[in-house]
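See below for the structure under consideration.
No value in this document is a laboratory result; all are computed from the given coordinates. Fair warning: this is a prediction, and the values are worked out from it, not measured in the lab. No Cβ is skipped: glycine too gets one built from the backbone with ideal geometry, and neighbour counts run over all protein chains shown.
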Amino acid sequence: MTTLSLRRRSGSRQRGFSLIEVLVSMVVLTVGLVSLLGVFALALSKTQVSQEDMIAKRIAQEAYEAIFTARETANIQWAQIQNTGTGSVPDGIFLPGLQPIYNPGTDGIIGTADDSSAGLETLLLPGPDGIVGTADDISLQLTNYQRSIAITPVVTGGATDADLRTITITVQYQTSQSKFPKTYVLSGFISQYR
């Protein structure tokens, strides 16, 4: 056999792609790329929601720590660490129900009646340079958030414990991704003893 006849035989075995195979591969590739684009869009939206979740967590922790700090520094009496309108003497100082996120008022305690005169709380976020305290910082007013501080007595064995109370802080906020508000709840106990 000559080399020419070998080339003809091997050449006849080689084929290119058919038009159908090319179209199927393009459809598969397009579906994969569109799915990947959807994953990126979902990741971007979750990043925005995670920032809102982090702000809600910070708002709740800020109120929780303020209550403990007021007790530790003896700025308020034990009888005042409860909600207003609970009927005890003297009445508590913390407002019941969802309230706007105000700066602490003249008493320095978050969630009390004098907070509304201090104005809405503003969060300072770093700008494009990533450094807080520069000219490009972003000021975010927390109008999208509400906070509730509920302080209730602890009941054990049918008797109310006079030295222990439950603190439940609920932050409700609307995200840009959902029609329904989200809720973050932080709860714990506080004792009258420092």
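Below 14 angstrom from the Cβ of A70, what's the summed charge of the other residues (Lys, Arg +1; Asp, Glu -1)?
-3
Which cross-chain or sequence-distant (5 or more) residues have an amide H under 5 Å from the amide H of Q99, H modelled 1.01 Å from N in plane?
Correct list: R147, S148.
I need the phi-derived Karplus couplings for segment 108-115: 6.51 cos²θ - 1.76 cosθ + 1.60, θ = phi - 60°, integer Hz, Gly and Pro marked x.
x, 10, 6, x, 9, 5, 7, 5
Around Y173, what is the net charge, scoring Lys/Arg as +1 and Asp/Glu as -1 over all other residues with Cβ under 9 Å from its Cβ?
Summing Lys and Arg as +1 and Asp and Glu as -1 gives -1.
Any idea what angle helix 3-13 forms with the longest principal axis of the chain, computed on alpha-carbon atoms, 0 to 90 degrees, nearest 10?
Approximately 40 degrees, to the nearest ten.
Under a 10 Å cutoff between Cα atoms, tell me which one of I151, I131, I169 has the largest fluctuation in the Gaussian network model of the chain.
Maximum among the listed residues: I131.
What fraction of the DSSP beta bridges in the chain is antiparallel, stated in percent and rounded to the nearest 5? Mind showing how you got there, number by number?
Values: 30 of 31 bridges.
For the chain, the DSSP antiparallel bridge percentage is about 95.
Taking 8 Å as the Cα distance limit and 6 or more residues as the minimum spacing, I'd like the relative contact order of segment 19-191 as a percentage.
Details: 271 pairs, mean separation 30.4, N = 173.
Relative CO of segment 19-191 lands at 18 percent.
What angle, in degrees between 0 and 90 and rounded to the nearest 10, separates the Cα long axis of helix 19-72 from the longest principal axis of the Cα atoms of the chain?
Taking the Cα atoms of the chain, the angle to 19-72 is about 10 degrees.
Given the Cα atoms of the chain, and with Rh set as the inverse mean 1/r over their pairs in the Kirkwood sense, what is Rg to Rh to two decimals?
Working: Rg = 30.9 Å, Rh = 21.6 Å.
Ratio of gyration radius to Kirkwood radius for the chain: 1.43.
In the neighborhood of I93, defined by Cβ-to-Cβ distances under 11 Å, what is the net charge if each Lys or Arg adds +1 and each Asp or Glu adds -1?
Numbers: positive: none; negative: D91, D107, D114, D115.
Once positives and negatives cancel, what remains is -4.
Pop out the ³J(HN,Hα) list for segment 171-176 in order, Karplus 6.51 cos²θ - 1.76 cosθ + 1.60 with θ = phi - 60°, rounded to Hz; leave Gly and Pro as x.
10, 10, 8, 9, 9, 6
Rounded to the nearest 500 deg cm²/dmol, what is the calculated helix-only ellipticity per residue at 222 nm for the chain, with -39500 (n - 2.57) per DSSP H run of length n ≥ 4? Write down the numbers at each step before the final one.
Values: 2 runs with 65 residues, N = 194.
So the helix-based figure for the chain works out to -12000 deg cm²/dmol.
Looking at the chain as a GNM with Cα springs under 10 Å, which of G111, G130, G38 has the largest mean-square fluctuation?
With Cα springs under 10 Å in the chain, the top fluctuation among G111, G130, G38 is at G130.
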